[in-house]
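Here is the structure we will look at, set down as structure tokens.
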Amino acid sequence: MFRTHNCGELRLSDAGKQVTLSGWVQIGRGFGGLTFVDLRDRYGITQIVFDGDDNAALTERAKKLGREWVIQVKGTVRERTNKNPNRATGDIEIIADELTVLNSSKVPPFTIEDDSDGGDDLRMQYRYLDLRRGPLQQNIIFRSKLALAVRAYLGEQQFVEVETPFLIKSTPEGARDFVVPSRLNEGQFYALPQSPQTFKQLLMVAGYDRYFQIVKCFRDEDLRADRQPEFTQIDCEMAFVTQEEVLNTFEGLTRHVFQELKGVELGTFPRMLYDEAIRRYGSDKPDLRFGMELVELNEVAQNKGFGVFDSAELVVGICVPGKADLTRKQLDALTNWVKRPQIGAKGLVYVKCNEDGTFKSSVDKFFDQEALAAWAAKCAAKPGDLLLVLSGEDEKTRGQLGRLRLHVAEENDMIPAGSFKPLWVVDFPLLEWDEDSERFHAMHHPFTSPKREEVERMLTGDHETMKSLKADAYDLVINGAEIGGGSVRIYDRELQEKNFQLLGFTPEEAEEQFGFLMGAFEYGAPPHAGIAFGFDRLCAVMNGQSSIRDFIAFPKNNQGRDVMIDAPASIDEAQCKELNLKITV
Ligand code: ASP
């Protein structure tokens, strides 16, 4: 038997017991005639003592143990004289009388401790060592528990878990597909699913009524910090439901997993219209953990001779509480921040609401104290607050200020740690006009239904009408992160054809790509709706972390590479030939 107990479970009540432990040597140290070894496994760390007076030969061997050696120790549990209150096993130690080296280890390239000294690249290369570290193990184990809790909850609610294929044809979710050459079908390619969207809809046609799957999805996007080319969704679909029932079902799931895994009661989720979210927060995923809502200032800021404002469609500001004391340098830094191409503002106007009731602004030339007082009143600013103001085209400017709002909150520690603010954002636009390609894009995806009362307008309306159509599409947002998104679906061939037409598909293209789905709609498709949660992100958000990478056992780096196995890699000529691929690099 390799072990009678794990390295995290022995307590004072076990004192006197003969035990066998196996694990990794975290660290060894000598102290007079004694040698101490911290023995680690995924359950914890237990201190082992080798006593040179009692057993000199054994202690000599223990002294030679290196970091990360795998050993087995037999001994007796005893109370420690100097207890370690920071460790669950800190009241006891094992006085060893047998030591077996199960395997030695090279000196690891970084220390396997909670705060490792290894850089990112090195830790990615030796991911199996990084995964030994406590914080990462906790993340991966959390992920597993979350998956089990989701399965249990949805299973209880009559959801059926169905696997859908990975080798498919393009699904249009708006990203690029990863493709796989087909050997048996020369010159043809499979695409890896960006999501199981069409399959889950077909399952509704097939009568499965409630489907879910915890499933890998693949999107060949340019990688941003919090994106992975392969990621996991909790993908769900329901038949014979309204939007309301979908929201309630998945609010129930979310509340359940927060309660079960975090002991947090989220309460009823507020709902906000998409238009309202944009207006108040400049974002369709507002972070509600702090205030600083956008305030429209046109009325008080225009027609005072400041050309930039006068020519702008919108003048809009936020009130940053207690920050009137920012220095010139800090304000310049904020101005530079909004002028970066990623944000794209032309400049930033500030107003300091001084403690003495006076105002100091970057536009004092155009606005007197009375005028600035009117701005402050509009923003409900108090002495000591700072107003930050942007101007320009409505939607764009709100977006810029929305991002500045987040930036300022983060920089100034205005986001309370450990709090969770969920929100349903509903009534997204159906279509999005893209100036560059002069085409409509589906805001969610092309299978999303317009709101029922909009169908007539959609079938008969003109171009401008199309821009204003609203969909039964919704997002679940927690702490400013999009956790889930879904919609009520079109289940009628005519409406689906119309939607493809609006999106610029010819009837032939629509038939070629989605004939199978529209065909299925002709065989008794039930009304249906669904949602998908970003599982990796849910893990991260539930743990107050921002990086999904730390919740994925074997993630890709920022270049989309797995540096441990060194993928992607070229394939040999024979393989290319078999696949009929000509590589010309
Ligand atoms: N397939 C969608 C997505 O991946 C989710 C849904 O509409 O259910 O975002």
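The values are calculated or read from the model by the stated rules, or taken from the named source; none is laboratory data. Computed from a prediction, not measured in an experiment: that's the story for all the values here. Note that each Cβ is placed from the backbone with ideal geometry, even for glycine, and that neighbours are counted across all protein chains shown. Calculation scope for accessible area: heavy atoms of the full protein, side chains included, ligands and nucleic acids excluded. Shrake-Rupley method; radii C 1.70, N 1.55, O 1.52, S 1.80 Å.
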Exercise for the section: Would you point out which residue out of 395, 435 is within 26 Å of residue 310 (Cβ to Cβ), open to solvent by 20 Å² or more (accessible area, probe 1.4 Å) and free of Cβ contacts under 8 Å to residues at least 24 places away in the same chain? Expected result: 435
Fill in the blank from the handout: Scanning the stretch 303-335 for residues that are over 13 Å from residue 349 (Cβ atoms) and in a loop (DSSP other than H, G, I, E, B) gives 303, 305, 311, 313, 321, 322, 323, 324, 325, 326, 327
Exercise for the section: Can you tell me which residue within the stretch 96-125, out of those that are surrounded by 17 or more Cβ atoms within 10 Å (Cβ to Cβ) and among the aliphatic types (A, V, I, L, M), is nearest to residue 67 (Cα to Cα)? Expected result: 112
Problem - Breaking point among (1) of a type outside the set (S, T, N, Q); (2) in a helix (DSSP H, G or I); (3) in contact (Cβ under 8 Å) with a residue 24 or more places away in the chain, for residue 526 - result: (2)
Fill in the blank from the handout: By residue number, the members of the stretch 559-578 that are open to solvent by 40 Å² or more (accessible area, probe 1.4 Å) and either in contact with an Asp or Glu (Cβ under 9 Å, 6 or more places away or on another chain) or hydroxyl-bearing (Ser, Thr, Tyr) (or both) are 563, 568, 570
Completion exercise
Checking 516, 554 in turn, the sole residue that is assigned to a helix (DSSP H, G or I) and aromatic (Phe, Trp, Tyr) turns out to be 516
Exercise for the section: Looking only at the stretch 546-558, count how many residues are polar (S, T, N, Q) and either open to solvent by 40 Å² or more (accessible area, probe 1.4 Å) or without any contact (Cβ under 8 Å) to a residue 24 or more places away in the chain (or both). Expected result: 2
Completion exercise
Restricting the stretch 165-211 to residues that are among the hydroxyl-bearing types (Ser, Thr, Tyr) and away from the ligand (no atom under 13 Å from the Cβ), the one surrounded by the fewest Cβ atoms within 10 Å (Cβ to Cβ) turns out to be 182
Exercise for the section: Collect the residues in the stretch 249-270 that are part of a helix (DSSP H, G or I) and either within 16 Å of the ligand (Cβ to nearest atom) or open to solvent by less than 70 Å² (accessible area, probe 1.4 Å) (or both), keeping them in residue-number order. Expected result: 249, 250, 251, 252, 253, 254, 256, 257, 258, 261
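Scan the stretch 474-492 and tell me whether some residue there is among the polar types (S, T, N, Q), at negative phi and within 14 Å of the ligand (Cβ to nearest atom).
Yes, some residue in the stretch 474-492 is among the polar types (S, T, N, Q), at negative phi and within 14 Å of the ligand (Cβ to nearest atom).
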Exercise for the section: Just name the residue that is nearest to the chain's Cα centre (by Cα) out of those in the stretch 224-241 that are surrounded by 14 or more Cβ atoms within 10 Å (Cβ to Cβ) and under 19 Å from residue 488 (Cα atoms). Expected result: 233
Handout entry: Cross-chain or 6+ apart pairs with Cβ under 8 Å, the stretch 529-545 first and at negative phi, then more than 16 Å from the ligand (Cβ to nearest atom) and among the small types (Gly, Ala, Ser)
Key = 535/147; 540/546; 540/547
Practice task
Tell me, please, whether a residue that is in contact (Cβ under 8 Å) with a residue 24 or more places away in the chain, more than 22 Å from the chain's Cα centre (by Cα), assigned to a loop (DSSP other than H, G, I, E, B) and surrounded by fewer than 16 Cβ atoms within 10 Å (Cβ to Cβ) can be found in the stretch 126-146.
Solution key: no
Completion exercise
Checking 480, 519, 418, 485 in turn, the sole residue that is out of contact with any helix residue (DSSP H, G or I) (no Cβ under 9 Å at 6 or more places or on another chain) and open to solvent by less than 30 Å² (accessible area, probe 1.4 Å) turns out to be 485
Practice task
Residue by residue through the stretch 26-40, note down the ones that are open to solvent by less than 30 Å² (accessible area, probe 1.4 Å) and within 39 Å of the chain's Cα centre (by Cα).
Solution key: 26, 37, 38, 39, 40
Handout entry: Residue among 369, 400 that alone is in contact (Cβ under 8 Å) with a residue 24 or more places away in the chain and either crowded, with 19+ Cβ neighbours inside 10 Å or over 31 Å from the mean Cα position of the chain (by Cα) (or both)
Key = 400
Completion exercise
Residue hits (the stretch 219-240; among the hydrophobic types (A, V, I, L, M, F, W, C) and away from the ligand (no atom under 11 Å from the Cβ)) are 223, 225, 239, 240
Exercise for the section: Please indicate, with yes or no, whether at least one residue in the stretch 509-528 is modelled with pLDDT of 95 or more, in contact with a strand residue (DSSP E or B) (Cβ under 7 Å, 6 or more places away or on another chain) and among the aromatic types (Phe, Trp, Tyr). Expected result: no
Fill in the blank from the handout: If we ask which residues in the stretch 336-347 are farther than 15 Å from residue 392 by Cα and either touching a strand residue (DSSP E or B) at 6+ places or on another chain (Cβ under 7 Å) or part of a loop (DSSP other than H, G, I, E, B) (or both), their number turns out to be 3
Exercise for the section: State yes or no: is residue 501 of a type outside the set (D, E, K, R), closer than 26 Å to residue 429 by Cβ and either assigned to a helix (DSSP H, G or I) or open to solvent by 20 Å² or more (accessible area, probe 1.4 Å) (or both)? Expected result: yes
Completion exercise
Exception for residue 446 within (1) surrounded by 18 or more Cβ atoms within 10 Å (Cβ to Cβ); (2) under 27 Å from residue 226 (Cβ atoms); (3) touching a strand residue (DSSP E or B) at 6+ places or on another chain (Cβ under 9 Å) falls at (3)
Handout entry: Which numbered condition residue 275 fails, given (1) buried (at least 18 other Cβ atoms within 10 Å of the Cβ); (2) under 27 Å from the mean Cα position of the chain (by Cα)
Key = (1)
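Report, by residue number, each residue of the stretch 454-494 that is aliphatic (A, V, I, L, M) and more than 29 Å from residue 516 (Cα to Cα).
476, 477, 478, 481, 483
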Exercise for the section: Please specify each residue of the stretch 429-473 satisfying the condition of being of a type in the set (Ser, Thr, Tyr) and either away from the ligand (no atom under 16 Å from the Cβ) or touching a Leu at 6+ places or on another chain (Cβ under 6 Å) (or both). Expected result: 437, 460, 465, 468
Practice task
Select, from 161, 156, the only residue that is more than 16 Å from the ligand (Cβ to nearest atom), farther than 30 Å from residue 568 by Cα and either open to solvent by 40 Å² or more (accessible area, probe 1.4 Å) or not hydrophobic (A, V, I, L, M, F, W, C) (or both).
Solution key: 156
